[in-house]
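Here the structure is laid out as structure tokens; the discussion comes afterwards.
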Amino acid sequence: MARRSPLRGFGRSWLKPVAFWLLAAPGLWLIAQWAFLLLGMENALGFNPIETTHRFLGDTALRILLISLAVTPIRDLTGWLPLMLVRRRIGLAAFWYALLHVIAYMGLDLYVAAGFSGSGMWLGLWEDVVQRTYITLGMAAFILLIPLAITSFNTAIRTLGARVWQRLHYSVYPLAVLAIFHYGFMVKGHQPGPWIHGGILAVLLAWRGWTALRSRPSTPPLASQG
């Protein structure tokens, strides 16, 4: 008989609302900081609020993405099945923060630098994608994230079929690798942030590989001829 986890069934009623507010907390904090700035009050946005904003959103998107990848290993280690109820919500939060990161970069940075010109903003984006490696990696990661967000609903699973849907969502792993390299190329010098996030991703990838090998059915020996 399988061992019953003491956490099984615990947290079903409160887990989703708590997860929602925890995921919304970084965005609410950022809104509050901008409110303080506009009111002339002390805030945490520093001397370059625009850069602080889109970097904060990017960091938050990456961290939430890693949390979404950690849900299944935590479930496996604890046996707490209700945790899977919020995995999709966490993944969608990573997408929304990544989208806000891109919007902040284009709207607060490129659009202003182009003299509030829409065509100049798109030209600046193209130049950055072509000339700056970290922008190329970041945009590639974001483009891969879009179909995952679009197909994160039950209707998409039924339309695509479970097997196709699952294969599509395996792209979250190379996407996460691109996001880590985007972070690494963006920061200057040997800062610990990219190494810490990359180490966490390496552990999660190793866990995924180990569980895949463990669940693979063993090939029965060939019957002897004679």
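Does HIS54 fit the bill of being in contact with a Leu (Cβ under 9 Å, 6 or more places away or on another chain), closer than 30 Å to TRP207 by Cβ, free of Cβ contacts under 8 Å to residues at least 60 places away in the same chain and not aromatic (Phe, Trp, Tyr)?
For HIS54, the condition - in contact with a Leu (Cβ under 9 Å, 6 or more places away or on another chain), closer than 30 Å to TRP207 by Cβ, free of Cβ contacts under 8 Å to residues at least 60 places away in the same chain and not aromatic (Phe, Trp, Tyr) - is not met.
So ASP109 fits all but one of (1) touching a Ser or Thr at 6+ places or on another chain (Cβ under 8 Å); (2) charged (D, E, K, R); (3) surrounded by 15 or more Cβ atoms within 10 Å (Cβ to Cβ); what number is the exception?
Just one mismatch for ASP109, condition (1).
Say whether the condition of being within 17 Å of ARG87 (Cα to Cα), touching a helix residue (DSSP H, G or I) at 6+ places or on another chain (Cβ under 7 Å) and buried (at least 16 other Cβ atoms within 10 Å of the Cβ) is met by at least one residue in the range 119-129.
So far as the range 119-129 goes, no, none of its residues is within 17 Å of ARG87 (Cα to Cα), touching a helix residue (DSSP H, G or I) at 6+ places or on another chain (Cβ under 7 Å) and buried (at least 16 other Cβ atoms within 10 Å of the Cβ).
Would you check if there is a residue in the range 89-102 being loosely packed, with under 14 Cβ neighbours inside 10 Å and among the charged types (D, E, K, R)?
Checked the range 89-102: no residue is loosely packed, with under 14 Cβ neighbours inside 10 Å and among the charged types (D, E, K, R).
Please count how many residues of the range 159-217 are free of Cβ contacts under 8 Å to residues at least 40 places away in the same chain, among the polar types (S, T, N, Q) and either in contact with a helix residue (DSSP H, G or I) (Cβ under 8 Å, 6 or more places away or on another chain) or surrounded by 14 or more Cβ atoms within 10 Å (Cβ to Cβ) (or both).
Number satisfying all stated conditions: 1.
Return yes when ALA140 is outside any loop (DSSP other than H, G, I, E, B), at pLDDT 95 or above and not basic (Lys, Arg) and no when it is not.
Judged against the criteria, ALA140 is a match.
Starting from the range 21-44, keep only residues that are touching a residue at least 12 places away in the same chain (Cβ under 8 Å), then list their pairs with residues that are not in a helix (DSSP H, G or I) whose Cβ atoms are within a distance under 9 Å, requiring at least 6 positions of separation or different chains.
Close Cβ pairs satisfying both conditions: LEU30/LEU45; GLN33/ASN43; GLN33/ALA44; GLN33/LEU45; TRP34/ASN43; TRP34/LEU45; LEU37/ASN43; LEU37/LEU45.
The values are calculated or read from the model by the stated rules, or taken from the named source; none is laboratory data. Keep in mind it's a predicted model, so treat the numbers as computed, not measured. Heads up, the Cβs are rebuilt from the backbone with ideal geometry, glycines too, and the neighbour counts pull from every protein chain shown.
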